[in-house]
Amino acid sequence: MNAIATSCKLITSAVNRAGIAKLYGLAGEVNSTGDDQKKLDVLSNDMMINALVNSGVCSVLVSEENEEPIIVPADKKGKYCVAFDPLDGSSNIDCNVSVGTIFSVYEVKEGSEGTVEDLLRNGEECVCAGYCAYSSAVELVFTFKGKEVHGFCLDPTIGEFVHTRPKMMMPQDGGKRIYSCNEGNGIHWDKPIKDAIEFYKNSEKPYAARYVGSMVADIHRTLLYGGVYLYPADAKSPKGKLRMLYEGIPMAMIIEQAGGVASTGMFKGKIQRILDLVPDEIHCKCPIIMGGARDVQVVYDQYAKAGIDAPKLL
Ligand code: FDP
């Protein structure tokens, strides 16, 4: 956690200086003075790998930015495996909209030397999950398996994360009526998802639409205000868009441990709990419907109307 917190501070500094230090743009570009320009997410990835490898407590790292897993050298190996997206929300980076870091942590299995198999396991076996939101303030939110969710705000005057949100819980009355999804994908959605969105819009108290397009920002708002976040499977993307190991599972663990619901919606023929999924490869995807029970139930009701077996949450 120290290595992750340090990485988040380093990334904060890079995000804050990105415009001035010319960190926007594509990796591989050469800037006006002929120096290699480093894209912000490549830089964030390098800093996170460096901090985690040198922490001495990790064996295997999986990053959104690296096709292959990173196996930590024997002299620095430890008992944890970390999957992360160093800078999530890449389409928002260059226009200074909120972005974030997401991570999940697993323990190396007994007798294992530390291989990718240590991460390809049921979401229930994740021991720690969290995210850091880089926005008007920097907030680190995490939880350990079976424990409460806690939030920390980075105090820039002392460079430390201060415990500002103990025992975070989603609003238990459902909170604000907000639905959050990329409606531009609506044409590809199945009927129950289309009907659920129509329900939100046309209910007696119509819901507000809010979609930043950075998962960390959208989930952070859902956690604090309530509502529902959806990136469902659809005809174009039958597995959804978001990555299971460093988006779906960690956010599901946080939402559930804060009293919410984290579902795949209809995925591979049935409605599943995200934390029951087992990734079949490190960068695999899963659909996501997560938020308060009141609002996830709306989606389940539409599935039930379509004759699909759907849970009753309320
Ligand atoms: P991005 O493509 O900008 O990296 O991780 C993927 C992600 O961002 C999420 O952070 C975000 O919620 C989602 O994709 C946005 O996808 P759409 O642009 O398709 O809405």
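Annotations
- Selected from GLY146, GLY130, GLY174 as most flexible by GNM, with the chain as the system and alpha-carbon contacts under 10 Å: GLY146
- Here each label is just a point 7 Å from Cα along the line to Cβ, and for ASP309 and GLU160 those points are 5.3 nm apart.
- Cysteines without a disulfide-compatible neighbour (Cβ-Cβ under 4.7 Å), the chain: CYS58, CYS81, CYS95, CYS126, CYS128, CYS153, CYS181, CYS284, CYS286
- Sequence of GLU183, GLU117, GLU204, GLU256 from largest to smallest accessible area, 1.4 Å probe: GLU204, GLU117, GLU183, GLU256
- In this structure, the residue pairs whose Cα-Cα separation is over 18 Å, taken from LYS76/LYS145; LYS145/LYS176; LYS191/LYS268; LYS176/LYS205; LYS176/LYS305; LYS236/LYS285, are LYS76/LYS145; LYS145/LYS176; LYS176/LYS305.
- Calculated [222 nm] ellipticity per residue, helices only, for the chain: -7500 deg cm²/dmol; basis is -39500 (n - 2.57) per DSSP H run with n ≥ 4, divided by all residues, nearest 500.
- Under 5 Å from the amide H of MET168 lie the amide H atoms of VAL149, HIS150, GLY151, each residue being 5 or more positions distant or on a separate chain, with H modelled from the backbone and absent for Pro and chain starts.
- Segment 126-202, accessible surface, carbon-and-sulfur percent (1.4 angstrom probe): 56 percent
- On Cα atoms only, tilt of 191-202 relative to the major axis of the chain in degrees: 80 degrees
- For the chain, the relative contact order is 15 percent, taking Cα pairs closer than 8 Å that sit 6 or more residues apart in sequence and dividing their mean separation by the residue count.
- Computed from Cα atoms, the angle from the helix 2-17 axis to the main principal axis of the chain rounds to 90 degrees.
- Take the Cα of ASN54, step 7 Å toward its Cβ, do the same at ALA137, and the gap between the two points is 3.0 nm.
- Result for the chain in a Gaussian network model with C-alpha springs under 10 Å: among ALA83, ALA293, ALA18, the largest mean-square fluctuation is at ALA18.
- DSSP beta bridges confined to the chain are antiparallel in about 85 percent of cases.
- Equivalent ellipsoid of the chain: semi-axes from √(5λ) of the C-alpha gyration tensor, largest first, are 32, 23, 19 Å.
- Span from the segment 245-291 Cα centroid across to the segment 120-183 one, whole angstrom: 16 Å
- Computed over the alpha-carbon pairs of segment 1-131, the distance histogram in 5 Å steps reads 2, 11, 20, 21, 17, 12, 9, 5, 2, 1, 0 percent, short to long.
- SER136 accessible area, 1.4 Å probe, all protein chains in place, Å² to nearest 10: 130 Å²
- Which of ASP309, ASP276, ASP195 is most accessible, then next, and so on - probe 1.4 Å: ASP309, ASP276, ASP195
- In the complete set of protein chains, residue-level accessible area for SER237 is approximately 40 Å², probe 1.4 angstrom.
- Take 282-288, 94-100, 108-114 and order them by the average number of nearby Cβ atoms within 10 Å per residue, most first; the result is 282-288, 94-100, 108-114.
- Around GLU113: net Lys/Arg minus Asp/Glu count, Cβ-Cβ under 14 Å: -1
- Stretched out straight at 0.36 nm per residue, the stretch from LYS270 to VAL97 would grow longer than its current Cα-Cα span by 58.7 nm.
- Length-normalised contact order for segment 91-152 - Cα pairs under 8 Å, 6+ apart - percent: 29 percent
The values are calculated or read from the model by the stated rules, or taken from the named source; none is laboratory data. Bear in mind that the values here come from a model prediction, so they are computed numbers and not experimental data. Please note: Cβ atoms are built from the backbone with ideal geometry, for glycine as well, and neighbour counts cover all protein chains shown. Keep in mind that these areas ignore ligands, DNA and RNA; they rest on the heavy atoms of the full protein, side chains included. Shrake-Rupley method; radii C 1.70, N 1.55, O 1.52, S 1.80 Å.
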